[in-house]
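Worksheet for the structure shown next.
FYI, it's all coordinate maths here, none of it is from the lab. Remember, it's a predicted structure, so these values are computed and weren't measured experimentally. So basically every Cβ, Gly included, is an ideal-geometry build from the backbone, and we count neighbours across all protein chains shown.
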Amino acid sequence: MELGMLETDADGTVTKVYPQFSAITGYTSDDLIGKKSFEILADKSDEPMILDEINKRKKGEGNVYEFAVKCKDGTTKWTLVSGAPIKDENENVIGTVGLHFDISKRIETENDLIAAREEAEKLLRIRDQFLANVSHEIRTPMNSIIGITGLLKDGEIDSEQSMYLDAIDISAKGLLVIINDILDMSKINSGKFSIE
């Protein structure tokens, strides 16, 4: 199952290293046995969390948690750790066994998905802002066309000119409805639409 096993005593000193743990981290038994696991495998910022896990084992508690392991080559691998206390025949806690499952690819995929979602949301905001600006800029001259058409219709014109002005007026008002709808949609998408 590619589970890297590591055993420590009750205070976190490594007592046994299994081959798959070495394969995951690059550390050999000689590198780890007799040393505090958290001093080698954990970043300084993670030490409080590891010490808390050690205290849970001393109380006989098991736990599953995610942990970034510092590998021998300097890289970091995310592992899902299942920690359990090791007890003697009198049920006294004498150590801990940790099963480490490499979840680095899953964490990397999750981070890529988060970045992709943030980029997509940013592009959507840019699109909505663009639509709002364009709709607003088009609406102003369209209102002018409708207004001037109305003024021309009030003047002295023949029936053919009146028919042409009616067509302009109907088309301009139809376009204005579409422009207002686009503007409203962009306001809704950007969270700036108000209902009265």
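The percentage of C-alpha pairs in region 30-138 whose separation is greater than 18 Å is 65%. What you get for region 128-187, charging only the Cβ of Lys and Arg (+1) and of Asp and Glu (-1), is a dipole of about 260 debye around the Cα centre. The charge dipole of the chain, taken about its Cα centre with unit charges on the Cβ atoms of Lys, Arg (+1), Asp and Glu (-1) only, comes to about 460 debye.
In debye, nearest 20: dipole of region 1-45 around its Cα centre with unit charges on the Cβ of K, R (+) and D, E (-)? Around 40 debye, computed over region 1-45. Restricting region 48-109 to GluC sites (Glu not before Pro) that sit in a DSSP loop and have at most 13 other Cβ atoms within 10 Å of their own Cβ leaves E61, E89, E91. For region 100-180, report the translational diffusion coefficient in µm²/s to the nearest whole number, using Stokes-Einstein at 25 °C, 0.890 mPa s, and a Kirkwood Rh over Cα pairs. Rounded to a whole number, D works out at 146 µm²/s.
Pairwise Cα separations in region 6-73 fall into 5 Å bins from 0 onward with the following percentages, short to long: 4, 17, 27, 28, 18, 5, 0.
All other residues whose Cβ lies under 13 angstrom from that of H100 are scored, Lys and Arg at +1 and Asp and Glu at -1, for a net of -3.
Compared with the direct C-alpha span, the chain from I40 to D158 gains 33.1 nm at full extension, assuming 0.36 nm per residue. When only alpha carbons are used to place a centre, region 128-149 and region 40-64 end up 63 Å from one another. For the chain, the longest principal axis of the alpha carbon atoms and the long axis of helix 159-189 meet at an angle near 20°. Only DSSP H runs of four or more residues enter the estimate; each adds -39500 (n - 2.57), and after division by the residues of the chain the mean residue ellipticity at 222 nm equals -19000 deg cm²/dmol. Using a Debye calculation, one point per C-alpha and no hydration shell, please list log10 I(q)/I(0) for the chain at q = 0.11, 0.19 Å⁻¹ in order. Result of the Debye calculation: -0.66, -1.21.
Rounded to the nearest 10 degrees, the inclination of helix 47-58 to the longest alpha-carbon principal axis of the chain is 50 degrees. The residues neighbouring Y164, those whose beta-carbon lies less than 12 Å from its own, together hold a net charge of -3 under the Lys/Arg +1, Asp/Glu -1 convention.
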